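The values are calculated or read from the model by the stated rules, or taken from the named source; none is laboratory data. Nothing here was measured: the structure is a model prediction, and the numbers come from that model. Cβ placement follows ideal geometry from the backbone for every residue including glycine, while neighbour counts extend to all protein chains displayed.
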């Protein structure tokens, strides 16, 4: 309403923040007339993310999606040996991202490993926590997993955990020669095997003759 009220003041021309801000003093110095500032110009919008259009969110590129997926699944642990990740074990064989879809390839330590279903579930959960819902977990049996795929970091973690790690490239020596297993507690090689199977089927039960402590040995494959 722009008219003056009864005995009131005409307020129709008064400045408003919504119409361009409060009055500003013009450049004159002597009792000049106040002028209302002109309305602000429309701000320039921020540029939209590449590929996202003016209003849509950007779709992550394949490299970014792959890196995010790889970082997420590399932290998944072996449910039987929780100090090891599936990357340490060499069970994680690859991560690919195509057209916004992630595919994770894993290879079991042996074909009947009961931990593989749990690993696949943990991979799905890790991807979901990373904001990736469109994913496939693929199990590949060929080439067969070998302990040579285990990382040096994984071997160190096993030793610190009290499990003797397999020696690199020791498969044929284990099959056709005397297997030398160092005690993970005292380091002595004066050890003996007590049983072919330990706490799980992929480990054997050994004992150190020096410190007399029993320990698990991760068998070579």
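Filter the range 117-146 down to residues that are in contact with a strand residue (DSSP E or B) (Cβ under 8 Å, 6 or more places away or on another chain) and touching a residue at least 24 places away in the same chain (Cβ under 8 Å), then give me how many there are. Steps first, answer last, please.
As a first pass, look at the range 117-146 and keep what is in contact with a strand residue (DSSP E or B) (Cβ under 8 Å, 6 or more places away or on another chain): 119-120, 122-124, 127, 132, 134-140.
Restricting the remaining residues to those that are touching a residue at least 24 places away in the same chain (Cβ under 8 Å) gives 119, 122-123, 127, 132, 134-140.
Matching residues across the range 117-146 total 12.
Report, by residue number, each residue of the range 62-86 that is closer than 29 Å to residue 160 by Cα, out of contact with any strand residue (DSSP E or B) (no Cβ under 7 Å at 6 or more places or on another chain) and surrounded by fewer than 17 Cβ atoms within 10 Å (Cβ to Cβ).
Residues satisfying the conditions are 71, 79, 82, 83.
So is residue 158 under 23 Å from residue 198 (Cβ atoms) and assigned to a helix (DSSP H, G or I) or not?
Yes; evaluated as a whole, the condition is true for this residue.
Only one of (1) at pLDDT below 95; (2) assigned by TED's automatic domain parsing to the domain that holds residue 208; (3) assigned to a loop (DSSP other than H, G, I, E, B) fails for residue 133. Which number is that?
Of everything listed in (1) at pLDDT below 95; (2) assigned by TED's automatic domain parsing to the domain that holds residue 208; (3) assigned to a loop (DSSP other than H, G, I, E, B), residue 133 misses just condition (2).
Within the range 88-126, which residues are surrounded by fewer than 20 Cβ atoms within 10 Å (Cβ to Cβ) and part of a strand (DSSP E or B)?
Answer for the range 88-126, where residues must be surrounded by fewer than 20 Cβ atoms within 10 Å (Cβ to Cβ) and part of a strand (DSSP E or B): 93, 94, 96, 98, 101, 103, 105.
Return the total of residues in the range 196-217 being at pLDDT 95 or above and either within 23 Å of residue 90 (Cα to Cα) or part of a strand (DSSP E or B) (or both).
Qualifying residue count, the range 196-217: 8.
What are the residue pairs meeting all of these: first residue in the range 97-108, first residue closer than 15 Å to residue 128 by Cβ, second residue part of a loop (DSSP other than H, G, I, E, B), Cβ atoms under 6 Å, and 6 or more apart or on different chains?
Close Cβ pairs (under 6 Å, with a partner that is part of a loop (DSSP other than H, G, I, E, B)) amount to 101/134; 102/132.
Among the numbered criteria (1) surrounded by 15 or more Cβ atoms within 10 Å (Cβ to Cβ); (2) within 15 Å of the chain's Cα centre (by Cα), which one does residue 129 miss?
In the conditions (1) surrounded by 15 or more Cβ atoms within 10 Å (Cβ to Cβ); (2) within 15 Å of the chain's Cα centre (by Cα), residue 129 misses (1) alone.
So, of the residues in the range 169-185 that are closer than 18 Å to residue 216 by Cα and exposed (fewer than 13 other Cβ atoms within 10 Å of the Cβ), which turns out to be modelled with the highest pLDDT? Lay out the reasoning, then the answer.
Our first condition is that a residue be closer than 18 Å to residue 216 by Cα; within the range 169-185, this holds for 170-171, 174, 178-185.
Going one step further and asking which of them are exposed (fewer than 13 other Cβ atoms within 10 Å of the Cβ), we end up with 178, 180.
Values: 178: 71, 180: 88.
It comes out as 180.
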